[in-house]
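The values are calculated or read from the model by the stated rules, or taken from the named source; none is laboratory data. None of these values were measured; they are calculated from a predicted model. All Cβ positions, glycine included, derive from the backbone under ideal geometry; neighbour counts span all protein chains shown. Just the protein is used for accessible areas: all its heavy atoms, side chains included, with ligands, DNA and RNA removed. Shrake-Rupley method; radii C 1.70, N 1.55, O 1.52, S 1.80 Å.
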Amino acid sequence: MKIVLNFGKDVNEADTAFTLYFTIMACLFTKTYIQLAAQLGIITYVFYSCLNKKGLRLRISQTVAQNEFFLLFWLGALTLLAALSGQWAYSTKADSNTVLTLFRMFVIGINLFLYVNTYNRAVSVLKSLIYSSVVMAVIVLLTTPLSQYGQAGEEGFGTLIGQQRNTFGAVMAFLIPICVVFEKHENLKYGKWIAAFFAFSLICSGSRGAMLQMIIIVALYVLLSPGIKKKIKYISIGTLFCVVMIIIIINVPFLYAVIWVRFANMFSTVLGMEQIADSSSYGRELYKVLALQMFWERPWLGFGVDGFFCRLRDVRYVNGYYLHPVYSHCNFAELAADFGIAGLAIWYIPVLSVLVKSFRVYNFTPVLKMIFIILTSMITLDYARIPWSSHSNIYTYFCVFLLFFFAEEKLILAGSMIENQH
């Protein structure tokens, strides 16, 4: 497979520097000094590529400036709130790196939003993320013992390189529809084959959240397809595919254990039919119970950075059930408990504004439709994820936002040209 890369050119092939950076961050994340070197390296690369070589001045377009302000009032404001919340925090977590991680992601975001100044560069960076994720998936599959496929824990899927099955699965689910659309519309070679490989890797990870995200993506694609005939066609094909997949899942022991049994136990637990059929799902529901209690106690600014972790560490039992001190595994629960209404507003007002804008224009181009579908699935899965807790997940938000901003700009320019012609 031939992969075309470039250094900072305004073409939509993958950018060499960002491909290398994303690969290092995905595969060597636990190596602190290597991670820091990669971050300093990409900052230097972006700064150099954005300089006006003649006058050594930084070139920033109005669109880039607007995008930077978006980032500032979104992740920048959350980072500042997290740092300030140490003043009223409920307690402290030993060796906490929450604020540092937020700050580093924000700095990388500033550089990425500065570097991506055209639609082609937004596509280029996304292709870099795709290729780096191929490398990550291959390494994870090769370094994880077969006995740990689909497993969590310290020796579970992907942990040897610092990955975790749900974080890994979230990246796979995010990239699968992008690969399919980019092959047809953005010259991504072998896009469908890469998407198939990502789907295989997702299944091996055993991430139920990522599998649910794919179901949401497919359902939205069918729902938004034009015409009743096309919807019926897709539903018929989808039904047949589901029947075949169910037969395969039931008859393949690994798939039966990782998918069928775990999903059945999850639904039994969440729906209250059998409370502890799945201890993970039951624990996550109890996290939300505690987070809601904390929110009612301090609704405006919450318990401060790491507040949920520290409170759970101290109370230990929720509704009589012992829980290990961890984060809430739910974005809105974590924000509500740690940062109250302020945190919820800072995160969700910008995110939902992009979602609404993408809904208004989704039917103009396949890429805009894909963006709306992916962003909807990501926000829906906030029920089981905390996007700002890791570099891998926040990069998906960076990339989808940048792609939307420039796809929308491209649409507006096209509309203006048509009006001028008339």
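Scanning region 187-199 for residues that are under 30 Å from Ala152 (Cα atoms) and surrounded by fewer than 19 Cβ atoms within 10 Å (Cβ to Cβ) returns Lys192, Trp193, Ala196, Ala199. In region 17-124, counting only helices (runs of 4 or more DSSP H) that sit wholly within it, the ones holding 3 or more residues that are open to solvent by 40 Å² or more (accessible area, probe 1.4 Å) and of a type in the set (Val, Ile, Thr) span 32-50. Within region 176-188, the set of residues being in contact (Cβ under 8 Å) with a residue 60 or more places away in the chain and part of a helix (DSSP H, G or I) comprises Pro177, Ile178, Val181, Lys184, His185. With the requirement that a residue be within 13 Å of Gly150 (Cβ to Cβ) and within 15 Å of the chain's Cα centre (by Cα), what does region 179-207 give you? Within region 179-207, Leu202, Ser207 meet the criteria.
Among the residues of region 159-184, those identified as open to solvent by 40 Å² or more (accessible area, probe 1.4 Å) and either more than 22 Å from Ala219 (Cβ to Cβ) or among the aromatic types (Phe, Trp, Tyr) (or both) are Thr159, Leu160, Gln164.
Within the option set Ser201, Ser236, being modelled with pLDDT of 95 or more and among the polar types (S, T, N, Q) holds for one residue only, Ser201.
Scanning region 136-158 for residues that are polar (S, T, N, Q) and in a helix (DSSP H, G or I) yields Thr143, Ser147, Gln148.
In region 281-289, is there at least one residue being at pLDDT below 90, buried (at least 19 other Cβ atoms within 10 Å of the Cβ), within 23 Å of Ser389 (Cα to Cα) and not aromatic (Phe, Trp, Tyr)?
Of region 281-289, the ones at pLDDT below 90 are 281-285.
Those left that are additionally buried (at least 19 other Cβ atoms within 10 Å of the Cβ): 281-282, 284.
This time we only want the ones that are within 23 Å of Ser389 (Cα to Cα), so: 281-282, 284.
From what is left, the residues that are not aromatic (Phe, Trp, Tyr) are 281, 284.
There is at least one residue in region 281-289 that is at pLDDT below 90, buried (at least 19 other Cβ atoms within 10 Å of the Cβ), within 23 Å of Ser389 (Cα to Cα) and not aromatic (Phe, Trp, Tyr).
A residue that is within 26 Å of Ser390 (Cβ to Cβ), part of a helix (DSSP H, G or I), open to solvent by less than 50 Å² (accessible area, probe 1.4 Å) and among the acidic types (Asp, Glu) cannot be found anywhere in region 306-319.
One line per residue, one yes/no per condition, for (1) free of Cβ contacts under 8 Å to residues at least 60 places away in the same chain; (2) open to solvent by 50 Å² or more (accessible area, probe 1.4 Å):
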position	(1), (2)
Ser201	no, no
Cys204	no, no
Gly209	no, no
Ile217	no, no
Leu224	no, no
Ser236	yes, yes
Thr239	yes, yes
Cys242	yes, yes
Ile249	yes, no
